[in-house]
Amino acid sequence: MRKFFTFTIILLVCFSLVGCGKSKQETSPKVTIWHWMSDRQDAFEQLAKKYKQENQINIKFELFPHSAYTQKINAAVAANDLPDLFGILGEKRVLASFAKEGKIEDLTSYMQEAQSSWKRRFIDICLKVNSFKDNNIYDVNPGIYGVPIDAMSIQFLYNKKLLKEEGFDPNTPPQTFTDLLNIAKKAANKKDVYGFASGWGETWLIYCMATNYAFDIMGQEKFLDTIKGKVSYTDPDWIKVFSLFKDLQQSGSLAPGIITMNNKEAEQIFATNRTFFTFNGSWGVNTYQQINPELEYSTMAPPRANQNYAPGVWAGAGASFVVNAQSKNKKLAIEFLNWLTEKEQQIFLIKETSNLPSIKGLKKNIQSDMKYFLDNQQYFTHPRLWPENENSRVVEAINRGIQNIVIGEKTPQEVAEEVAKTKKQYSQQ
Amino acid sequence: MNKKEQLINFSFVAPALAIFSFFYIIPFFYTFWLSLHKASPTNVLDLNFVGAQNFKDIFSPQIFIVLVAVVGIFLILFALKNKFQKLSLNNKKGLAQTLQFATIAIGGACLIYAATTFITISRQAIDFNPDLQWWNSVRRSFYITLWGLTFQNCLAFILALGVDRATRTGKLYRVIFFLLPVLGEVIIGLLLRIMLSHYPGVFNHLLENIGLGQWAQNWLGKDMALATLAVSHCWRGFGYGFIILLAGLQTIPEQLYEAARIDGANAWHRFTKITVPMLVPIIFLVIILTILGTVQIIGLPMALTRGGPAGKTTVSVLRIFYDLNNSHVGYASAEGLILGLILVTLSFGMLKISKKMKS
Amino acid sequence: MPEQVKKTLYLLVIHTLLIAVALSCIFPFVWMINSSLKPNSEFIQDHGFEPPSEVNFENYIYTFTKGNLGTYFLNSILYTFLTVIAIVIISSLAGYGISRLKFKGKNLIFYMILAAMMIPIPAAFVPLYVLLKGVGLLNTRIGYILAMVNVGLSLSIYLYKTFFDQLPKDLEESARIDGCGKLRIWWHVMFPLAKPATGVVVIFNALNVWNELILALVILSRKGLMPLQVGLLKFSQSSVGLTQYTTLMAALTIAALPIIIIYLIMQKHIIKGMTAGATVG
């Protein structure tokens, strides 16, 4: 027994030495970046290597799984332990809070420095999602608070091959929602093929689609009035929005299990020619190419449910980095971001990760599939561009309500009432 | 007993206590402090003191008042019955008495608070509106726990009995039944998701292959998801109970059974009169472990369903996790405290019952 | 004779049940390993039920080169090992102290320790982070190990305490008459006697640490410090992990096999400890 004890102690000492030795051997990184983008880590690391060769500065990308990332940031901000650069997930409110508390740097002055053309490089909408205008409701000093490193749009996609097989013209996708339903119903003719599949297990995709149609049915102004509390969710227009999901469900064309499906599962279904339509972001191209390089598809404008207003299509910065205002390496970090958004690096990044660039003038470098996601620009919008966002509890109620409609447990009317009730409860406080 | 000896004795617990106070007690008070705060609507980092507002939102003000009053009465009664002597705090009466008075004071404060809030509330008509999302998530946790207590533990017990009777050591079974707990929630969750998802539909395919095609269905759909989660959890976890129960069974000396057999006791009698009474403490250990392990599950639902469809598998800890993600730090802290309190009450109740049954 | 038949029948029923459950436990492994040896397209066709048309290790090679599971794996072993040792020493000391020694506030401490078991960890993320940062243990191995020790401590103390309560006191008495100090009694008499309790404590905590990931994500921020489960989760959320089932399965196999092998080697000792001590209990 005594032998065992001494053995253990020796082992303990050894291990702790190993532990300490290791942490000392690692040269202390100059700039640390936290992010959640598992699919981009490889490309990031290659870029970091390149940056070290060019500038002798260590860049360390630390990846955290998406599900735990926000927790990590929340805890780090409470302990004042944020890294030099990081991404912020979530509503604009969160970005605003970081800006207001002086946790992240206002980048306007860096971007506008006389000799630098940094600001002019970017596509407008990508910068806008990270900026605050004068007199914003968050009471944040106007300015640009984040650097977009790529861009995205979330669109309706259709499978050309399947449409052709059912006798539709693969170059004229459905224009109205009714057309969409009629085509989707044809899926019943085929085994293991569905009309519509999307990653509705990740609820924000539902909210995205719902707001697209809210724009279409009631117009942007009325939509924003709902957020402000001037229009109730029990308004007939909102019930129309919710009813679209009822129609989808009743057409019988939804992929089974659609509301537990995650994004990647839905992408796989679309990539293997097993659904006519899907609703997905430009990040999906990566998966489509990996699984089925021969996939024939394209994006389409949201099939209209109403002709009076323009629908919305979410687009903007895919991922943005913000700069820790208290970091000692602020300058270095900002220089790195500048470098990262130079043409050469952007070309590398969009090629490696199949994304859209956040800077102008790279049209010819965008892969052909990716170009589809530049369509429908006239409808582009983003929650971070709206003056005000919905309370997260209300968004949660909308998503849950729509899921309930899709599984046939609640009617649009019931959901509308529930959402309105939640809205009332949280606007009181 | 002199001071020095006390100190030596105390030093045995000191390391444990040091770690505890750092990792539990301080965070506990911190969490409590956070639970009295709420972020401003436009700035999630700006926490404002709101008193018991979060608790009122969770319980609805009406129930909250009743609870506070009950706690107040309980504290006063507890202090008046003078239970502090039992905690063996001190040979002298000083500390115990101070504690007694303090408890009475806190109890009194609770009662006064309840009374004043009652008056203010009765003036404004406030809806009865507890946070159903939260309480439903608690209900789901307990639904799974119920499965764990019944199905999982019965399975573990039956298997342990079987192995004990049929093979003397049951080495092979011990290894096999413990494979799943070894694997961990993440691996099991990911595997099950691939097996149970509608696509590629491995499990349904298997059912069809063995001629049970009519049983095939959407296992993660609206009707089945929670039950699937519960059964998967039980299936993953029964190994723990099995190992402990088997170890317990093998401590029962064979002679006892022999003696009973000579006395003419049948198998059922031997089971109820010897096996069960001998195992009571171990059974209670397994029960408490099941409660703790099940009410707090998060990894499996996260990997398997992410709380969907339509929130039907959002268990309580997952709910707390999501609330934290949505910057409701104060609210999540309050939820965490309430869940902790429920668990403490349950487990201590269990221990009490176990002690009663022993004596 | 009928007695004999009855008994055989009885054994038959028991064995059928045992074998059925055992199969349900083994099936996922066989299926997982089988699937991991084939390309994804083949898996989609046959759902992993047929043996691979040709065994190829491409998935494994890919996982090894891309997943970087090696470092994660070593970290997990280190964390598990150190945490379990620390828990065994600290909790058996405390269990012995609470069970046998007298000092002020003993019961209060015991109840506090028990109550601590019930606090859900996610609720305390922010406080934990702030505290660890305050003492400079954030993002260190020691910080994570201490946090994990804390998680396992209450249950282990409870187990040791109840176990020591059952032991007869005379052994200890005779040691005391021989002039042993309390620490020596603990180490030479009580701790060896507590082998079965130690067995349970070791298994439970080893598995708990091995499978933990949320605390690791909160406390650690450097890739070089992360345990295996985090690596696995990252891999499963990467685009390859989410779409190439068979590659994911190779990663799962790589993560699972070593712990199973360690378990198979260890379980002999653990079970020996449990049954040897069982006669005392």
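The values are calculated or read from the model by the stated rules, or taken from the named source; none is laboratory data. As the structure is a computational prediction, the values presented were derived from the model and not from experiment. A quick note on method: Cβ atoms are made from the backbone with ideal geometry, for glycine too, and the neighbour counts reach across all protein chains shown.
Hey, could you check the range C:121-145 for residues that are surrounded by 19 or more Cβ atoms within 10 Å (Cβ to Cβ) and under 30 Å from C:K195 (Cα atoms) and say which is nearest to the other protein chains (Cβ to nearest Cβ)? Among those residues, the one meeting the criterion is C:R141.
Take the conditions (1) crowded, with 20+ Cβ neighbours inside 10 Å; (2) within 13 Å of chain C (Cβ to nearest Cβ); B:A225 misses just one of them, which is (2). Residues satisfying the criterion are absent from the range C:63-71 (criterion: in contact with a His (Cβ under 9 Å, 6 or more places away or on another chain) and either part of a loop (DSSP other than H, G, I, E, B) or acidic (D, E) (or both)). With respect to the conditions (1) at pLDDT 80 or above; (2) within 11 Å of chain B (Cβ to nearest Cβ), C:T247 falls short on a single one, namely (2).
With the range B:258-359 as the region, which helices (runs of 4 or more DSSP H) entirely inside it contain at least 1 residues that are crowded, with 22+ Cβ neighbours inside 10 Å?
On the way: elements: B:267-270, B:276-295, B:299-304, B:316-325, B:329-358.
Because the criterion is at least 1 residues that are crowded, with 22+ Cβ neighbours inside 10 Å, the helices (runs of 4 or more DSSP H) in the range B:258-359 that meet it are B:276-295, B:299-304, B:316-325, B:329-358.
In the range C:182-233, the qualifying residues are those that are buried (at least 23 other Cβ atoms within 10 Å of the Cβ) and away from chain B (no Cβ under 12 Å), and the one that is nearest to the chain's Cα centre (by Cα) is C:N205. Scanning the range A:199-212 for residues that are buried (at least 23 other Cβ atoms within 10 Å of the Cβ) and among the aromatic types (F, W, Y) yields a count of 1. In the range A:222-301, counting only helices (runs of 4 or more DSSP H) that sit wholly within it, none holds 2 or more residues that are within 14 Å of chain C (Cβ to nearest Cβ), surrounded by 18 or more Cβ atoms within 10 Å (Cβ to Cβ) and on the phi > 0 side of the Ramachandran plot. The set of residues in the range A:294-319 that are in contact with a helix residue (DSSP H, G or I) (Cβ under 8 Å, 6 or more places away or on another chain) and under 20 Å from A:S131 (Cβ atoms) comprises A:G312, A:W314, A:A315, A:G316, A:A317, A:A319. Filtering B:L34, B:L89 for residues that are modelled with pLDDT under 80, within 14 Å of chain C (Cβ to nearest Cβ), crowded, with 19+ Cβ neighbours inside 10 Å and within 30 Å of C:A147 (Cβ to Cβ) leaves a single hit, B:L89. Per this entry, C:S76 is counted among residues that are at pLDDT 85 or above and hydroxyl-bearing (S, T, Y). Checking every residue in the range B:163-180 against the condition of being out of contact with any strand residue (DSSP E or B) (no Cβ under 6 Å at 6 or more places or on another chain), in contact (Cβ under 8 Å) with a residue 60 or more places away in the chain, assigned to a helix (DSSP H, G or I) and more than 8 Å from chain C (Cβ to nearest Cβ) gives at least one match. Does the range B:38-45 include one or more residues that are in contact with a Ser or Thr (Cβ under 7 Å, 6 or more places away or on another chain), buried (at least 17 other Cβ atoms within 10 Å of the Cβ), of a type in the set (G, A, S) and modelled with pLDDT of 90 or more? Checked against the condition, which is being in contact with a Ser or Thr (Cβ under 7 Å, 6 or more places away or on another chain), buried (at least 17 other Cβ atoms within 10 Å of the Cβ), of a type in the set (G, A, S) and modelled with pLDDT of 90 or more, the range B:38-45 yields no hits at all.
Scan C:I113, C:I90 and give me the residue that is facing chain B (nearest Cβ under 9 Å), farther than 26 Å from B:F242 by Cβ, modelled with pLDDT under 85 and under 24 Å from the mean Cα position of the chain (by Cα).
Exactly one of C:I113, C:I90 is facing chain B (nearest Cβ under 9 Å), farther than 26 Å from B:F242 by Cβ, modelled with pLDDT under 85 and under 24 Å from the mean Cα position of the chain (by Cα), namely C:I113.
With respect to the conditions (1) part of a helix (DSSP H, G or I); (2) within 14 Å of chain A (Cβ to nearest Cβ), B:C234 falls short on a single one, namely (2). Could you please let me know if C:A175 is surrounded by fewer than 19 Cβ atoms within 10 Å (Cβ to Cβ), more than 8 Å from every other protein chain (Cβ to nearest Cβ) and not in a loop (DSSP other than H, G, I, E, B)? Considered against the rule, which asks whether it is surrounded by fewer than 19 Cβ atoms within 10 Å (Cβ to Cβ), more than 8 Å from every other protein chain (Cβ to nearest Cβ) and not in a loop (DSSP other than H, G, I, E, B), C:A175 comes out as yes.
Of the listed requirements (1) closer than 21 Å to A:A319 by Cβ; (2) surrounded by fewer than 19 Cβ atoms within 10 Å (Cβ to Cβ); (3) within 14 Å of chain B (Cβ to nearest Cβ), A:I104 misses just one: (2). Each residue in the range A:37-75 was checked for being crowded, with 19+ Cβ neighbours inside 10 Å, among the basic types (K, R) and over 20 Å from C:V240 (Cβ atoms), and 2 of them qualify. Scanning the range A:77-105 for residues that are without any contact (Cβ under 8 Å) to a residue 40 or more places away in the chain and aliphatic (A, V, I, L, M) yields A:V77, A:A78, A:A79, A:V94. Scanning the range C:8-41 for residues that are free of Cβ contacts under 8 Å to residues at least 40 places away in the same chain and more than 32 Å from the chain's Cα centre (by Cα) returns C:T8, C:L9, C:Y10, C:L11, C:L12, C:V13, C:S41. Against the test of being in contact (Cβ under 8 Å) with a residue 60 or more places away in the chain and surrounded by fewer than 17 Cβ atoms within 10 Å (Cβ to Cβ), the options A:K351, A:K421, A:K360 yield a single qualifying residue, A:K360.
Summed over the range A:184-205, the residues that are of a type in the set (D, E) and out of contact with any helix residue (DSSP H, G or I) (no Cβ under 6 Å at 6 or more places or on another chain) give a count of 1.
Every condition in (1) exposed (fewer than 15 other Cβ atoms within 10 Å of the Cβ); (2) modelled with pLDDT under 80; (3) more than 12 Å from every other protein chain (Cβ to nearest Cβ) holds for C:L69 except the one numbered (1).
Taking helices (runs of 4 or more DSSP H) as the structural unit, those lying wholly within the range A:23-109 and holding at least 1 residues that are among the charged types (D, E, K, R) and farther than 30 Å from A:I347 by Cβ correspond to A:66-78, A:92-100. For B:T345, the stated conditions do not hold, so it cannot be described as of a type in the set (S, T, N, Q) and away from chain C (no Cβ under 12 Å).
Looking across the range B:148-162 at every residue that is crowded, with 21+ Cβ neighbours inside 10 Å and more than 9 Å from chain C (Cβ to nearest Cβ), the one that is nearest to B:I297 (Cα to Cα) is identified as B:G148.
Every test in (1) of a type in the set (V, I, T); (2) outside any loop (DSSP other than H, G, I, E, B); (3) over 26 Å from A:S354 (Cβ atoms) is passed by A:I137 save one, and that test is (2). Of the candidates A:I137, A:I154, A:I125, the single residue that is at pLDDT below 90, within 24 Å of A:Y207 (Cα to Cα) and touching a strand residue (DSSP E or B) at 6+ places or on another chain (Cβ under 6 Å) is A:I125.
Looking across the range B:208-247, just one residue is of a type in the set (D, E, K, R) and either outside the structural domain of B:M278 (by TED's automatic domain parsing) or under 24 Å from the mean Cα position of the chain (by Cα) (or both), and that is B:R236.
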